[in-house]
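The values are calculated or read from the model by the stated rules, or taken from the named source; none is laboratory data. Source: prediction; values computed, not measured. Counting neighbours? That spans all protein chains shown, and the Cβs are built from the backbone with ideal geometry, glycine included. The accessibility values were calculated without ligands, DNA or RNA, using every heavy atom of the protein model including side chains. Shrake-Rupley method; radii C 1.70, N 1.55, O 1.52, S 1.80 Å.
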Amino acid sequence: MVSAVEDRGRRRDRTHYLYIAVIVAVVAGIVLGLAAPGVAKELKPLGTGFVSLIKMMISPIIFCTIVLGVGSIRSAAKVGKLGGLALGYFVVMSFVALGIGLVVGNILHPGAGLHLDAAAKAVGHTQAATITEGPVDFVLGIIPTTLVSAFTEGQVLQTLLVALLVGFALQALGTAGEPVLRGIGHLQKLVFRILAMIMWAAPVGAFGAMAAVVGETGVDALKALGTIMLGFYITCALFVVLVLGTLLRLVAKVNLFQLLKYLGREFLLILSTSSSDSALPRLIAKMEHLGVGRPVVGITVPTGYSFNLDGTMIYLTMASLFIADAMGQPLAIGQQISLLLFMMIASKGAAGVSGSGVAVLASGLQSHRPALVDGVGFIIGIDRFMSEARALTNFAGNAVATVLIGTWTGEFDRDRAQRVFAGELPFDETTLIDAAPAPAEPAVPPKEPVPA
């Protein structure tokens, strides 16, 4: 008779073939894109549809995770401390990423010697027009129209706000709110089960997305602008390995490559769809399984997706220097720093905007150095491939940030993480959630009444 554990193991083994199919689909998409570009471009809706299915699940998963995490602890101050620590870390790492991009960009000077044609000049102005909101609009945009509109509009930060309010309300209810928490726990299992079902469409989505981008871009743009692409990929890799890897080892005593291997399927999903959103729900599930406390995961991951954009910071730096060199208007160090600080602020307001990397680049140049906006046309041809490096770096940065913040707040079980890395506690791919998750922080028992 087969035990339940063995049966779950066999089902997990079947998901292994799913990701082999994703790899095959990516290769097939590249081949089709090169062989028949016209046909390949028509397959773009396949990739768009798959990513839309994943995005459909993001709001309910974030809501359930945060409400269960916040509602199960008894100190609202602890949640505020956690959020403040996360935002502080994100700002510091944005400066580090900008600094690394500046150093590499000033060493490579990849834009020197290029010439801009007239057709490309209008592209930058078109992209600049797509970012219209300022910091005030961004803050006001976090407030949803109604309590449920955050779910229907798919706004991550709006969902985060609603979930925090519900979590704090359940804290205030005390034992009266426990039935609601149990109900949301069952809802979480349901939405993760739906997500596991959607994942079986990943090969189709990967095939359509990769075929379309290769068919649209071809190899000409890659040959002409290979220097900045190679430099950008190398810079992102150095940032992840040297900066994030060192922090992870010193603070959490965790090996970066073990963590990256653990998240290998998520990286494959991002690479095939060029969207880090497609891996957000799985990152939440896997970080909890790894041993990071639910409140830390629920607050750090969604917030990081909007504010911890390490790959985007490196991209903005190198792309700005590339354009300035290509236009024959190199920037002095002081000009570089002021421009990039401006872009760092602008990028936070553009979080979640489709194609936000090139849009923020264009709008930043338009506001700070209008003469360089024409040069955005240089980068459009390869932006799709650079967006993959941005997404992969942003994702790695958020995974590392979750472990680090969990360590600093005492919400990371290092022993469990080592068992997970060793394969002793495999992630359940059929449900994407532990059958018996680690218990949340126990409620503070009521004080004994003082006798008169």
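Fully extending the segment from LEU187 to GLN258, taken as 0.36 nm per residue of separation minus the present Cα-Cα distance, adds 22.4 nm. Largest first, the three principal axis extents of the alpha carbons in region 217-316 are 47, 28, 24 Å in whole numbers. For ILE234 and THR152, a Förster radius of 45 Å and the Cβ-Cβ distance give a FRET efficiency of 0.60, rounded to the nearest 0.05. On the basis of the beta-carbon distance and an R0 of 30 Å, ILE23 and LEU161 show a calculated FRET efficiency of 0.20. Rolling a 1.4 angstrom probe over the protein heavy atoms with all chains in place gives region 201-312 an accessible area of 30 Å² per residue. Taking 0.36 nm per residue of separation and subtracting the current Cα-Cα distance, fully stretching the chain between ILE333 and ARG14 would add 109.4 nm.
The slack in the chain from GLU178 to ARG249, taken as 0.36 nm per residue of separation less the alpha-carbon distance, amounts to 21.7 nm. Remark: region 35-45, residue by residue, has Karplus-estimated 3J(HN,Hα) of 7, 9, x, x, 5, 4, 5, 6, 8, 3, x Hz, where x stands for each Gly or Pro and the curve is 6.51 cos²θ - 1.76 cosθ + 1.60 at θ = phi - 60°. Using the Karplus relation 6.51 cos²θ - 1.76 cosθ + 1.60 with θ = phi - 60°, the per-residue 3J(HN,Hα) values for region 49-64 come to x, 5, 4, 5, 4, 5, 4, 4, 8, 5, 4, x, 5, 4, 4, 4 Hz, with x marking Gly and Pro.
Placing +1 on the Cβ of every Lys and Arg and -1 on the Cβ of every Asp and Glu, with no other charges, gives region 200-332 a dipole of roughly 560 debye about its Cα centre. Model label points for MET57 and ILE194, set 7 angstrom from Cα along the Cα-to-Cβ axis, are 1.0 nm apart. GLU178 contributes about 70 Å² of solvent-accessible surface, heavy atoms of the protein only, 1.4 Å probe. If R0 is 30 Å, the Cβ-Cβ spacing of VAL92 and ASP413 corresponds to a FRET efficiency of close to 0.75. Residues whose amide H lies under 5 Å from that of VAL292, counting only those 5 or more places away or on a different chain, are ASP413; hydrogens are built 1.01 Å from N in the peptide plane. Taken per residue, the accessible surface of region 158-197 reaches 50 Å², heavy atoms only and a 1.4 Å probe.
Sorting the Cα pairs of region 160-201 by distance into bins of 5 Å, from 0 upward, gives 6, 20, 19, 21, 14, 10, 7, 3, 1 percent per bin. Converting the Cα gyration tensor eigenvalues of region 231-378 into ellipsoid dimensions via √(5λ) gives semi-axes, longest first, of 32, 17, 14 Å. For region 167-180, the Karplus equation 6.51 cos²θ - 1.76 cosθ + 1.60, evaluated at θ = phi - 60°, returns couplings of x, 5, 5, 5, 4, 5, 6, x, 5, 5, x, 4, x, 5 Hz by residue, with Gly and Pro reported as x.
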